[in-house]
Amino acid sequence: MGETKPFRVLSLDGGGMRGTYTATYLAKVSETFAKRRGIAAVDLGAAFDLIVGTSTGGIIACALAAGVPLNDVVALYRQHGPAIFPRPVPSGILGIISDLRRRPAAVASGAEALRRALIEKLGPLTVGELYASRGIALSVPAVEMGHHSAWVFKTPHVPGSNHRDDHYSLVDVCMATTAAPVFRSMAAVHHPGEPDTGHGVFVDGGMWANNPILVALIDALDMTSPGQRIEIFAMGTCPSPVGERIAKSEVNRGLAEWRFGARAAELAIDAQQFAYDHMARKVARHVNRDCRIVRFPAEKVPAAVLPYLGLDDTRSEAISALVDQARRDADMTNSKCSYRETDPEAELICSLFESAPARTQPLTSRRPLATVR
């Protein structure tokens, strides 16, 4: 008997505008492998059995699962980022006084700009239609505000699924997982099949699973048989160089020093990446699967990029810095194939991109998109 095909999973962290980095990196690596293989483009989403993404990672996850070209996702950030985050979180007391009056209207317009951009890329495609057409499992964490509880939008891929999420549009799923407090409006999402007034309110899945690798591992275990190999490829959003040196005289930070919550959110993103990866690897040792976990790219982020990593930083120079860094990291990843015989992680990454099918047209649906009235 031949070797069983590995069960491949992609886990994508959240990070606001840093999603520009994630989409650019994956696009550039895919383009290089397409040229090596003599095909027009790689359908990277179809290389995975399961894709899990939180917040901005949820947008990229939905796009990959639907077959949307990654360069289109990069264009979404470039073209619509300033409208999605029209009013950056202030960094001083005078700014917050002005922000008290202006932020509600700003986050409302930002939410509408994001919805329009998502409809342009994803159309009215639903979670159930995606799974029926592409066979790619999708899990996207959020927080349901009615009970202050974790919620994961899922295709019906887990055995015994109740098909709860089949009729949610991918646009509404993305709106829910990206609704970061302070940065964005909460997402009021119509419950399909209920009266016009039936809706739920959601906020960003990064509140509990910005790094969704544990969600990915648990779903993978549910979907595989004992002994089957699992390969999880995890990717962050250009996390900042790790750590700060803080003098004793600087420990009493107030609202301004924490940028009214924005810097706390950035800290949580960095901390979750390390902590959840570590826990996933610990758990993987105790399951009856051959489970490999790879976080890529592995290169350190240079300090010169640090000024451009704000979650709501839409300046052209910030986007260019993220794109340039992604291109450099993609070049490093592509070079890894030269060492695949001696580097197990390089072998996994190169095999992944080599086995990805050629891309065809992205998935579409002609049904009207449900909205909250």
Among the residues of segment 280-305, the number that are charged (D, E, K, R) and in contact with an Asp or Glu (Cβ under 7 Å, 6 or more places away or on another chain) is 3
Out of ILE293, ILE319, sole residue that is outside any helix (DSSP H, G or I), surrounded by 15 or more Cβ atoms within 10 Å (Cβ to Cβ), modelled with pLDDT of 95 or more and among the hydrophobic types (A, V, I, L, M, F, W, C): ILE293
Enumerate the pairs (first residue in segment 86-110 and closer than 14 Å to PRO181 by Cβ and open to solvent by less than 60 Å² (accessible area, probe 1.4 Å); second residue anywhere and at pLDDT below 70 and of a type outside the set (Val, Ile, Thr)) with beta-carbon separation below 9 Å, excluding pairs fewer than 6 apart on the same chain, so at least 6 apart or on different chains. VAL89/GLY95
Filter segment 147-169 for residues that are surrounded by fewer than 16 Cβ atoms within 10 Å (Cβ to Cβ) and outside any strand (DSSP E or B) and give the result. HIS147, HIS148, VAL158, PRO159, GLY160, SER161, ASN162, HIS163, ARG164
Any chance segment 272-279 includes a residue that's more than 30 Å from LYS28 (Cβ to Cβ), of a type outside the set (Ser, Thr, Tyr) and either surrounded by 16 or more Cβ atoms within 10 Å (Cβ to Cβ) or in contact with a Ser or Thr (Cβ under 8 Å, 6 or more places away or on another chain) (or both)? no
Report the residue count in segment 60-107 for those that are farther than 29 Å from LEU130 by Cα and either among the aromatic types (Phe, Trp, Tyr) or outside any helix (DSSP H, G or I) (or both). 7
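For residues in segment 296-316 being small (Gly, Ala, Ser) and part of a loop (DSSP other than H, G, I, E, B), which is most open to solvent (accessible area, probe 1.4 Å)?
Top of the filtered list is ALA298.
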Tell me yes or no: at least one residue of segment 229-239 is open to solvent by 30 Å² or more (accessible area, probe 1.4 Å) and either at pLDDT 95 or above or part of a loop (DSSP other than H, G, I, E, B) (or both). yes
Does segment 202-220 include one or more residues that are open to solvent by less than 20 Å² (accessible area, probe 1.4 Å) and over 20 Å from the mean Cα position of the chain (by Cα)? no
Count, please, the residues in segment 131-146 that happen to be open to solvent by less than 20 Å² (accessible area, probe 1.4 Å) and more than 28 Å from ALA83 (Cα to Cα). 2
So ASN211, is it among the polar types (S, T, N, Q), under 30 Å from LEU352 (Cα atoms), outside any helix (DSSP H, G or I) and modelled with pLDDT of 95 or more: yes
Residues of segment 155-202 that turn out to be at pLDDT 95 or above and among the acidic types (Asp, Glu), as a count: 3
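The values are calculated or read from the model by the stated rules, or taken from the named source; none is laboratory data. Small disclaimer: the values here were computed from a predicted structure and weren't measured. Counting neighbours? That spans all protein chains shown, and the Cβs are built from the backbone with ideal geometry, glycine included. Each accessible area value is taken on the protein alone, full model and side chains, heavy atoms only, with ligands, DNA and RNA left out. Shrake-Rupley method; radii C 1.70, N 1.55, O 1.52, S 1.80 Å.
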